[in-house]
1. For residue 80 and residue 5 in one chain, what is 0.36 nm times their gap in residues minus the Cα-Cα distance, to one decimal in nm?
2. Relative to the longest principal axis of the C-alpha atoms of the chain, give the angle of the C-alpha long axis of helix 111-125, reported between 0 and 90° and rounded to the nearest 10°.
3. When the chain is treated as a GNM, springs tying every alpha-carbon pair under 10 Å, which of 97, 152, 57 comes out with the largest mean-square fluctuation?
4. In a GNM of the chain with a 10 Å cut-off on Cα contacts, which of 157, 40, 52 has the highest mean-square fluctuation?
5. Relative to the Cα centre, what is the charge dipole magnitude of region 6-179, using +1 at the beta carbon of each Lys and Arg, -1 at the beta carbon of each Asp and Glu, and rounding to the nearest 20 debye?
6. Give the angle, between 0 and 90 degrees and rounded to the nearest 10, that separates the Cα long axis of helix 90-100 from the longest principal axis of the Cα atoms of the chain.
7. Counting only helical runs of four or more DSSP H residues, what would the 222 nm mean residue ellipticity of the chain come to if each run contributes -39,500 (n - 2.57) and the total is spread over all its residues?
8. Return the whole-Å distance between the Cα centroid of region 58-118 and the Cα centroid of region 11-34.
Amino acid sequence: MTSLQRVCVFCASSPGSDPAITDATIALGTLLAERNIELIYGGGAVGLMGLIADTVMTNGGRVTGVIPAGLFPAEVGHRNLTTLEEVGSMHERKARMYELSDAFIALPGGFGTLEELAETLTWNQIGLLAKPVGVLDVGGFWQPLLALFDRMVHDSILKPKNRQILLDDPDPASLLDRLGDQDLAYEPKWIGSPDET
């Protein structure tokens, strides 16, 4: 069991139109503060990014944002966090968030969220990380992607054990509990033939 002290949350810089996603973002931010788990995130003040940071801060929690200097308009960076780190590039931003965090949660999001989720899964798969990863599956948002991953296993492109790196749960409290309980062991990703999966 891992003691989660810092959790990185990937989420949209847009607010979205589904109130269930807004509610889930607030619920997760509230839980992080209540459990004294520091939020690590991309440093934005807008959309779901701003919402989760504001929720954690309002509830007395700690938030570290990591944002590339000069890449975004000044108003996008959140200036009311516990800590806002400025780095030189998007690559540095992600590497720093991965370094700081004990686990990762993806809320519903767009291309950036998907990229960060995929990279943490890949880094776990090839042994660069050994940190749990989950998606908060609000209203079945992640089901098409999860079905694709299952298809990868079915077609012997992805090992079943590596598929199991990614947890999914519609409930924020349950997902945090499961991330804390997950024991990751490195499984080499290469598949030579179907009987090696």
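Computed from the coordinates by the stated procedures, all read-outs in this text should not be read as laboratory data. A quick note: this is a predicted structure, and the numbers were derived from the prediction, not measured. We place every Cβ from the backbone using ideal geometry, glycine too, and count neighbours over all the protein chains shown.
1. Between residue 80 and residue 5, full extension yields an extra 24.9 nm.
2. Value to nearest ten degrees: 50.
3. Taking springs between Cα atoms under 10 Å, the residue moving most is 152.
4. Per the Cα network of the chain with a 10 Å cutoff, 157 tops the list.
5. 380 debye
6. 80 degrees
7. Roughly -12500 deg cm²/dmol at 222 nm, from the helical runs in the chain.
8. What the calculation gives is 15 Å, centre to centre.
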